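Visitor: The structure that follows is given in the form of structure tokens.
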Amino acid sequence: MRSMRLNAYRQFLASYRSVKLEAMATEFGVSAAFIDEELSSFISSGKLTCKIDKVGGVVESNVSDSRSQVYVEIIKNGDLLLNRMQKLSGAIDM
């Protein structure tokens, strides 16, 4: 049951950059305290990548951060490949 809720939270948070705890609690039909406690346990165990702003009562998703990290990695690997191809091309031309 807990893994099903985790998947539901992931799908819900994927649609938003940030969402209020109250709105999320209303959507799932539970209290904000329950959502806060449950999300906190998933975040601390590394199963969810988001932050909870307890003062503002907002859950901030880090989806775009992971996407940009993948993008940076792809660009870095592409640059390495391009450099190797240029070196190989120079060696063949000699």
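Visitor: For the chain, with a Gaussian network of springs between Cα atoms less than 10 Å apart, report the residue from Leu21, Leu82, Leu13 with the top mean-square fluctuation.
Guide: Leu82
Visitor: Right, another one. Using label points projected 7 Å from each Cα along Cα→Cβ, tell me how many nm separate Ile92 and Val72, to one decimal.
Guide: Using points 7 Å along Cα→Cβ, the separation is 3.4 nm.
Visitor: Sequence gap at least 6, Cα distance under 8 Å: using those rules, report the relative contact order of the chain to the nearest whole percent.
Guide: The normalised contact order for the chain reaches 24 percent.
Visitor: Given the Cα-Cα distance of Ala32 and Leu82 and 0.36 nm per residue of separation, how much length would full extension add, in nm?
Guide: Length difference between fully extended and current span is 12.9 nm.
Visitor: Now, a different point. Starting from the Kirkwood radius over alpha-carbon pairs of segment 28-68, derive D by Stokes-Einstein at 4 °C in a medium of 1.567 mPa s and give it in µm² s⁻¹.
Guide: D, rounded to a whole number, is 118 µm²/s.
Visitor: Next up: Between Leu48 and residues 5 or more places away or on another chain, which pairs have amide H atoms under 5 Å apart, with H built 1.01 Å from N, and which residues are they?
Guide: Under 5 Å from the amide H of Leu48 lie the amide H atoms of Ile43, each far enough along the sequence or on another chain.
Visitor: Where the convex hull is taken over the Cα atoms of the chain, what is its projected area averaged over directions, in nm²?
Guide: With the hull built on Cα positions only, its mean projection is 8.3 nm².
Visitor: May I ask for the longest run of the chain untouched by trypsin sites (Lys or Arg not before Pro) that are loop-located per DSSP and have at most 15 neighbouring C-beta atoms (other than their own) within 10 Å?
Guide: 55-94
Visitor: In degrees, nearest 10, range 0 to 90: what is the angle between the Cα axis of helix 2-14 and the longest Cα principal axis of the chain?
Guide: 70 degrees
Visitor: Tell me the mean residue ellipticity at 222 nm calculated for the chain from its helices only (DSSP H runs of n ≥ 4, each -39500 (n - 2.57), averaged over every residue, nearest 500).
Guide: After summing the helix terms and dividing by the residues of the chain, the value is -23000 deg cm²/dmol.
Visitor: With springs only between Cα atoms under 10 Å, which of Val59, Val30, Val19 fluctuates most in a Gaussian network model of the chain?
Guide: Most flexible of the set in this elastic network: Val30.
Visitor: Place +1 on the Cβ of every Lys and Arg and -1 on the Cβ of every Asp and Glu in the chain, take the dipole about the Cα centre, and give the residue among Ser3, Ala91, Leu81 whose Cα lies farthest towards its positive end.
Guide: Working it through, the farthest residue towards the positive pole turns out to be Ala91.
All of the numbers you see were taken from the coordinates with simple rules; none came from a lab. Source: prediction; values computed, not measured. With ideal geometry, Cβ positions are generated from the backbone for all residues, glycine too; neighbour counts draw on all protein chains shown.
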